[in-house]
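Down below is the structure, laid out as structure tokens.
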Amino acid sequence: MADNSELRIKDGQMMVSATDLRDNVFESIAFTILKLVREHVSHVTEPIQLVSLFGGFSQSPYLRSRLDEEIGNKMGISCFYPRYPEMVVSMGAALAGLANLR
């Protein structure tokens, strides 16, 4: 691929700034996740004390800070992040598969 300064391509590689990555990738995903959490919270009739986030992207410091800000600080709900969030998903899938074998 030819160099293209407008597209920030040099030596066959595209240069992406941390700001572009945050604003155009991470923020759109965080926004969607926050929207889903708010929707779930709005449908619960009992007080919610804790929200747990699982899966690989829950390891993102950016996502965690956005959740702590929006859910923790603004809604007063504690956020919990397991030490190995991707393992929790794998274990759940394995347990579900084993339960179907019965």
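The values are calculated or read from the model by the stated rules, or taken from the named source; none is laboratory data. In this text, all values refer to a predicted model and were calculated from it rather than measured experimentally. Virtual Cβ from ideal backbone geometry, glycine too; neighbours counted across all protein chains shown. In case anyone asks, the SASA skips ligands and DNA or RNA and just uses the protein heavy atoms, side chains included. Shrake-Rupley method; radii C 1.70, N 1.55, O 1.52, S 1.80 Å.
In table form, for the structure just shown:
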read-out: Ellipticity estimate at 222 nm from DSSP helix runs (n ≥ 4, -39,500 (n - 2.57)) divided over the chain, nearest 500; value: -13000 deg cm²/dmol
read-out: Net charge of neighbours whose Cβ lies under 14 Å from the Cβ of Met75, counting Lys and Arg as +1 and Asp and Glu as -1; value: 0
read-out: Assigned charges on the beta-carbon of Lys, Arg, Asp, Glu; the chain dipole about Cα centre (debye); value: 360
read-out: The chain: angle of helix 85-101 to the longest principal axis, Cα-based, in degrees nearest 10; value: 50
read-out: Solvent-accessible surface (1.4 angstrom probe) belonging to Asp20, in square angstrom, nearest 10; value: 40
read-out: Solvent-accessible ranking of Asp3, Asp11, largest area first, probe 1.4 Å; value: Asp11, Asp3
read-out: Selection from His43, Met14, Phe31, by position along the positive dipole direction of the chain (Cβ); value: His43
read-out: Tilt relative to the chain, helix 27-42 - C-alpha long axis, 0 to 90 degrees, to 10; value: 20
read-out: Amide hydrogen neighbours beyond the local backbone of Val51, cut-off 5 Å, H modeled; value: Ser78, Cys79, Phe80
read-out: Percent of C-alpha pairs per 10 Å bin, the chain, short to long; value: 13, 31, 27, 17, 10, 2
